[in-house]
Amino acid sequence: MIDYLWLLIALPLLGALTLIVLGKRIGEPASGWLASTLVAIPFIMAVILAVPFAGGAETEHVYVFSWIPVIGANASLLWDPLSALMALIVTGVGGLIHIYSIGYMHGDDRYPRFFGYMNLFIGSMLTLVLADNFALMFVGWELVGLSSYLLISFWFSKPSAAAAGKKAFIVNRIGDWGFLVALMMIFAAFGTLDFAIVFARAGGVLSVGMATAITLMLFVGATGKSAQLPLYVWLPDAMEGPTPVSALIHAATMVTAGVYMIARTAALFELAPVSLAVVATVGALTALFAATLAVGQRDIKKVLAYSTISQLGYMIMAVGLTALTAGIFHLMTHAFFKALLFLAAGSVIHAMSSEQDMWKMGGLRKYMPTTFVTMVIAWLAISGVFPLSGFWSKDEILGAAFAKGGWFIGLWAIGVITALITAFYMTRLIILTFFGEKRWDPDAHPHESPSTMTIPLMVLAFFAAVIGLWNTPVRLGLEHFLEPAFENVTQVHALGNLTVTALALISLAVVTVGILLAYHRYGRGELPAEDGGYWAAALDGYGVDDLYGKVIVAPGKAAATWLAMIFDVRVVDGIVNGLAVVTKAFGSSLRVLQTGWVRSYGAGIVAGSLGVILWLLLRGGAF
Amino acid sequence: MTVTIGWYMSLAAVLFAIGAAGVLTRRNALVMFMSVELMLNSVNLTFIAAAKELGLVEGQVAALFVMVVAAAEVTIGLAILVAVFRRRASANVDELSELKG
């Protein structure tokens, strides 16, 4: 069956092609079910193929067809525990979100097209995670960028959505540039892009400087895709897309590509301690920075967007600490609880007729019981309340930071502060949405969503609650599962039992404080007026967009204007017109030869012939 | 006195020069055609003379080709000439200078 691994990628891509070409004929809701089936089948295949890894099965390299063999880039797939886990998350969470979308996208004019794009995304993401060489990974990397663009600007008739799609694409291109440069450097150093060869020879081939250069460029790629400082700006705007898109692409899967890529190339990062320190520090700073922004948002999806950036910061910090298992573990738990948060938020938005401002919600728990209960589970999970999934994965990262010591203790402290803020803003979100007085428009009639939407919520809630138990300090299930994928890398682990328990108690205490502070502020009747000062700045994203606008976009536009209005008109057009002028002048000076008299042409022929004969004779030495 | 290849070649050269001078100096299209024929036949003469001298058959073949082409050329040329003459009642080539650049 492993020989058919390529079907994992081919089926969703086939679905994308079918739905984009024939979607109108297939119609609603059949196209939604078709798309869901074409994700469900790969999920089932992935489960069957992943089971042997629990028993210690070997890593598989599946050759599909020859592509560019000379650079070590064939269409060949890698099936090891890491790619298997990623494939399971992508198809599992992705499949649930497909089913949810059947209900959520009901009545949209371009319903089949939406599912076509969603399938395109799943196929692209699977290409990224299953690739067995850098070139194929880059293909997947670019394709997820494309599908992300298509889905963010899905409602392109709204100017803000069209602009958000462009912004995401362009900001991602900056990251892609870094990734591409890293690929070129890897090829220059190794002469191949094949994962197995590159990782096996890395220690012997690369100097520390070269390894640092390569890994820093790879990290530029990761900051783009995984929305880290300073390239995070596209992700909050990406919330213009339909909510299932936010859940699938901008929370659960695509944005984890950077984390996955660093974990996959850990053998290179290991050779560059400077890069690792940069990665971990950027991750921690992003976690804190985005968390402080999440506190001040009024739009429910914006809170979740900044929260995603913050949680991705944790993951990046983990892989920067070479706590790879912890990073992948948090990636997995986050995929469940953040997808759940987004889908539940989507359910609320759906019920409130597209209202996204939390100040116009309130008291919804009675109207949407299923959404409420599942979202509470997600809230506890992301806040890190024992024993839900977020607690285990977050504390494993913090434990690793503490264990690494030195400079990284500071990162641990940042992580703990971020945990406090996370608990605060998530509690704020829950209270504003589900508790307190009704602040909505009297015309709104909130209602529970249909079962295609609530069933995925329940499944995700179940996993968000229990998946953390797979990898507890008592029983390191995931650690053991992923061992073959990381066998060449020395990982950092949390310290012994006593320290782990102490650190866990600290973060639990901090989380409790965060929740209580939020309750104190929002949970007791009158809501505080949140305007001016910090609140205005946070709503504005601290003015980072304005800053980038002034420092990068405006000079870029000025340069483009100069090129278009001055350089193009004077220099480029000048060259083209100059050629024409020269040709014309040449032509008009030669036209006098065209007398129109046959006999003058005849004389020319005779003179020419005589000239040729004379030349031949001279050359032949006749005279 | 034997007639050697040199004689033939000299005759051909003289004929060719007369033909070329005719083409360049005469204004009547018909006379120009006759001059062209003279040039072609002077070339034929060199072919035949060389074939005889070298004992090869290729020269005769080439001469036959030239005759065929010359026949075709004269046919078309005269047809054009007749058409031009009908329209202008003149065969003076210097009046046909519409293609002056």
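All of the numbers you see were taken from the coordinates with simple rules; none came from a lab. Note that the structure is a prediction, hence the values are computed from the model and not measured. Note that we place each Cβ from the backbone using ideal geometry, even for glycine, and neighbour counts take in every protein chain shown.
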### Message
Step by step: first the residues of segment B:66-87, then only those that are within 14 Å of another protein chain (Cβ to nearest Cβ) and of a type in the set (A, V, I, L, M), then the one that is farthest from the chain's Cα centre (by Cα). Which residue is that?
### Response
B:Val84
### Query
Among all residue pairs at least 6 apart or on different chains, which show Cβ distances below 7 Å where the first residue, located in segment B:10-33, is facing chain A (nearest Cβ under 10 Å) and touching a residue at least 40 places away in the same chain (Cβ under 8 Å) and the second is surrounded by 13 or more Cβ atoms within 10 Å (Cβ to Cβ) and outside any helix (DSSP H, G or I)?
B:Ala29/B:Ala91; B:Met32/B:Arg26
### Message
Here is a check on your reading of the model: is A:Val569 surrounded by 11 or more Cβ atoms within 10 Å (Cβ to Cβ), more than 30 Å from B:Gly22 (Cβ to Cβ), in contact (Cβ under 8 Å) with a residue 60 or more places away in the chain and of a type in the set (Val, Ile, Thr)?
### Response
no
### Query
Applying the selection to segment A:468-496, what residues are of a type in the set (A, V, I, L, M) and within 16 Å of A:Leu82 (Cα to Cα)?
A:Leu476, A:Leu478, A:Leu482, A:Ala485, A:Val489
### Query
Between residues in segment A:1-27 that are on the phi < 0 side of the Ramachandran plot and residues that are among the basic types (Lys, Arg) and not in a helix (DSSP H, G or I), which pairs lie under 9 Å by C-beta distance while being six or more apart or on different chains?
A:Gly23/A:Arg110
### Message
So, in segment A:591-603, exactly how many residues are of a type outside the set (S, T, N, Q) and either on the phi > 0 side of the Ramachandran plot or more than 8 Å from chain B (Cβ to nearest Cβ) (or both)?
### Response
2
### Query
Would segment A:36-48 turn up any residue that is farther than 21 Å from A:Ile97 by Cβ, surrounded by 18 or more Cβ atoms within 10 Å (Cβ to Cβ) and aliphatic (A, V, I, L, M)?
no
### Query
Taking A:Leu321, is it closer than 25 Å to A:Gln491 by Cα and surrounded by fewer than 24 Cβ atoms within 10 Å (Cβ to Cβ)?
no
### Query
Any idea which of A:Lys584, A:Lys557 is under 60 Å from the mean Cα position of the chain (by Cα), within 14 Å of chain B (Cβ to nearest Cβ), part of a helix (DSSP H, G or I) and not β-branched (Val, Ile, Thr)?
A:Lys584
### Query
Is it fair to say A:Ala182 is on the phi > 0 side of the Ramachandran plot and under 25 Å from the mean Cα position of the chain (by Cα)?
no
### Query
Within the set of pairs 6+ apart or on separate chains, which have a first residue in segment B:88-101 that is more than 7 Å from chain A (Cβ to nearest Cβ), a second that is surrounded by 11 or more Cβ atoms within 10 Å (Cβ to Cβ) and among the acidic types (Asp, Glu), and C-beta atoms under 9 Å apart?
B:Arg88/B:Glu95
### Summary
Apart from one, (1) closer than 30 Å to A:Arg475 by Cβ; (2) touching a residue at least 24 places away in the same chain (Cβ under 8 Å) all hold for A:Gly523; the odd one out is (1)
### Query
Within segment B:28-37, how many residues turn out to be in a helix (DSSP H, G or I) and surrounded by fewer than 18 Cβ atoms within 10 Å (Cβ to Cβ)?
4
### Selected residue (only one of A:Phe329, A:Phe342 is under 16 Å from the mean Cα position of the chain (by Cα) and among the aromatic types (Phe, Trp, Tyr))
A:Phe342
### Task
Among what's in segment B:44-58 and is without any contact (Cβ under 8 Å) to a residue 40 or more places away in the chain and surrounded by 17 or more Cβ atoms within 10 Å (Cβ to Cβ), pick the residue that is nearest to the other protein chains (Cβ to nearest Cβ).
B:Thr46
### Task
Go through segment A:237-312 and tell me which helices (runs of 4 or more DSSP H), entirely inside it, have 1 or more residues that are more than 27 Å from A:Trp155 (Cα to Cα).
A:257-264, A:266-269, A:273-295
## Note on the structure
Within segment A:149-175, residues out of contact with any Phe, Trp or Tyr (no Cβ under 7 Å at 6 or more places or on another chain) and in a helix (DSSP H, G or I) come out as A:Ile152, A:Pro159, A:Ser160, A:Ala163, A:Ala164, A:Lys166, A:Ile170, A:Arg173, A:Ile174, A:Gly175
### Task
Kindly indicate whether any position in segment A:561-579 is in a helix (DSSP H, G or I), within 14 Å of chain B (Cβ to nearest Cβ) and under 30 Å from B:Leu99 (Cα atoms).
no
### Query
Restricting the search to segment A:15-33, which residues are surrounded by 15 or more Cβ atoms within 10 Å (Cβ to Cβ), aliphatic (A, V, I, L, M) and under 25 Å from the mean Cα position of the chain (by Cα)?
A:Ala16, A:Leu19, A:Ile20
